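Undergrad: Got a structure for you, questions after.
The values are calculated or read from the model by the stated rules, or taken from the named source; none is laboratory data. Everything numeric here is computed off the predicted structure, so don't read it as measured data. Cβ: placed from backbone, ideal geometry, glycine included. Neighbour counts: every protein chain shown. Remember, those area values only see protein heavy atoms, side chains included, never the ligands or the DNA or RNA. Shrake-Rupley method; radii C 1.70, N 1.55, O 1.52, S 1.80 Å.
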Amino acid sequence: MRGMILVAIASVLLFPSCQRSDAVEAGGVLYLRYADNQPEDYPTSKAGRYFASLVDDMTGGRVVIDVYAGGTLGDEPSVLEQMRYGGIDFARCSLGILSDFYPDLAFMTLPFLYDDTEHMWRVLDSEIGDELLTVTQDSSVFGLAWFDAGARSFYTRNPVYSLADMEGLRIRVQETDLMTEIFELLNVVPVKIPYGDVYSALQKLMVDGAENNFPSYYHTGHYETAKYVFLDEHLMLPEMLMMSVSAKEKLDEFDPDLYPVIVECARQSGLYERVLWAEEEKRAKEACLESGCVIYYPSDEEKDEFRKAMAPIYEEFSEYGEIIERIRSM
Ligand code: GCU
């Protein structure tokens, strides 16, 4: 498959071998750093390495991207800060955190925005998705591609069967005010905790549960302490592969023709991630069940209780009413 992709990229792009920069003539190699807070064997990290290998191949080894997985370069808010100052060149980041830095993306994090994965991809693959990739570029990063991150549901130490059961539970949320506000609508006590610290927060009983997708739930080991899943799928938060403005400047200086190559490699790695994601979602769910997790599938009525409780948050996004309508009708 990779061979075909490379041929496809080569056929659409003019490989800029005849326009080598001075650095290249002098044998220069541009080294860039890529951050992901997921472990090495997670779909997004694998797709990050795939991206790096495509870039390596397509630039004849002149641009080398080192992928740092497992949050070794920091949690997502810190990675975004570092991208602003040029310390990190690429990152894959959840829209939940990203929208705190780029408020024009925040409407994309509204609960129950999409009906299902197919709906989400219809939107992201359309001109809306392309436009949204450009929202961040005036400030500090260029959005290059979308990654799948499935749907998020609650998981708790004790079983939850309805909205009423959620009342008063301390639930870990992503570290933004908007997430706090959204989850307060369910009468839970939202607790902002960085992703990498949730495992110990669950172990130390600082929270009663959290919410995430199956691959995250499984790979983090959260399922060990919070084994009851309430599969309401309240949020779908796709993820963005981004390049910092300063990395783009470095790249343009190195060879002004390379940016389209990077963009195409990112798009290809996004497609690759979707395939990995679908497989991993199934595998992680099965592995959790084998380890003794219990999944409760709420009925449409039970899910509706959550939808209705969270609906008031849409009022804060009235200026995005038109685009939300377009998305809803796709
Ligand atoms: C998902 C996502 C991460 C994010 C995490 C979170 O796992 O892939 O990038 O940090 O959710 O809940 O914070």
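Undergrad: Considering only region 74-104, state which residues are among the charged types (D, E, K, R) and either within 11 Å of the ligand (Cβ to nearest atom) or surrounded by fewer than 17 Cβ atoms within 10 Å (Cβ to Cβ) (or both). Walk me through it before giving the result.
TA: Taking region 74-104 first, the residues among the charged types (D, E, K, R) are 75-76, 81, 84, 89, 92, 100, 104.
Asp75, Glu76, Glu81, Arg84, Arg92, Asp104 - these are the residues of region 74-104 that are among the charged types (D, E, K, R) and either within 11 Å of the ligand (Cβ to nearest atom) or surrounded by fewer than 17 Cβ atoms within 10 Å (Cβ to Cβ) (or both).
Undergrad: In region 252-267, how many residues are closer than 16 Å to Ser53 by Cα, open to solvent by less than 30 Å² (accessible area, probe 1.4 Å) and part of a helix (DSSP H, G or I)?
TA: 4
Undergrad: If you check every pair at least six apart or on different chains, which have Cβ atoms under 6 Å apart with a residue in region 181-198 that is without any contact (Cβ under 8 Å) to a residue 40 or more places away in the chain first and a residue that is surrounded by fewer than 18 Cβ atoms within 10 Å (Cβ to Cβ) and of a type in the set (S, T, N, Q) second?
TA: Final answer for the pair search is Pro190/Thr180.
Undergrad: Tell me whether region 182-201 contains one or more residues that are modelled with pLDDT of 95 or more, open to solvent by less than 10 Å² (accessible area, probe 1.4 Å), more than 16 Å from the ligand (Cβ to nearest atom) and over 30 Å from Gly86 (Cα atoms).
TA: Yes, region 182-201 contains a residue that is modelled with pLDDT of 95 or more, open to solvent by less than 10 Å² (accessible area, probe 1.4 Å), more than 16 Å from the ligand (Cβ to nearest atom) and over 30 Å from Gly86 (Cα atoms).
Undergrad: Then there is this: Against the condition over 19 Å from Val245 (Cα atoms), in contact with a helix residue (DSSP H, G or I) (Cβ under 9 Å, 6 or more places away or on another chain) and assigned to a strand (DSSP E or B), how does Phe154 come out, does it pass? Break it down stepwise before answering.
TA: On the way: over 19 Å from Val245 (Cα atoms): yes; in contact with a helix residue (DSSP H, G or I) (Cβ under 9 Å, 6 or more places away or on another chain): yes; assigned to a strand (DSSP E or B): yes.
Yes: the conditions hold for Phe154.
Undergrad: Any idea how many residues of region 161-177 are open to solvent by 10 Å² or more (accessible area, probe 1.4 Å), more than 13 Å from the ligand (Cβ to nearest atom) and at negative phi?
TA: Looking only at that region, the number is 9.
Undergrad: Would region 54-73 turn up any residue that is open to solvent by less than 20 Å² (accessible area, probe 1.4 Å), within 16 Å of the ligand (Cβ to nearest atom), modelled with pLDDT of 95 or more and in contact with a helix residue (DSSP H, G or I) (Cβ under 9 Å, 6 or more places away or on another chain)?
TA: Yes.
Undergrad: Taking the conditions exactly as written (among the charged types (D, E, K, R) and more than 25 Å from Met166 (Cβ to Cβ)), does Glu239 satisfy them or not? Please lay out each step first, then the result.
TA: Numbers: among the charged types (D, E, K, R): yes; more than 25 Å from Met166 (Cβ to Cβ): yes.
When the stated conditions are applied, Glu239 passes them.
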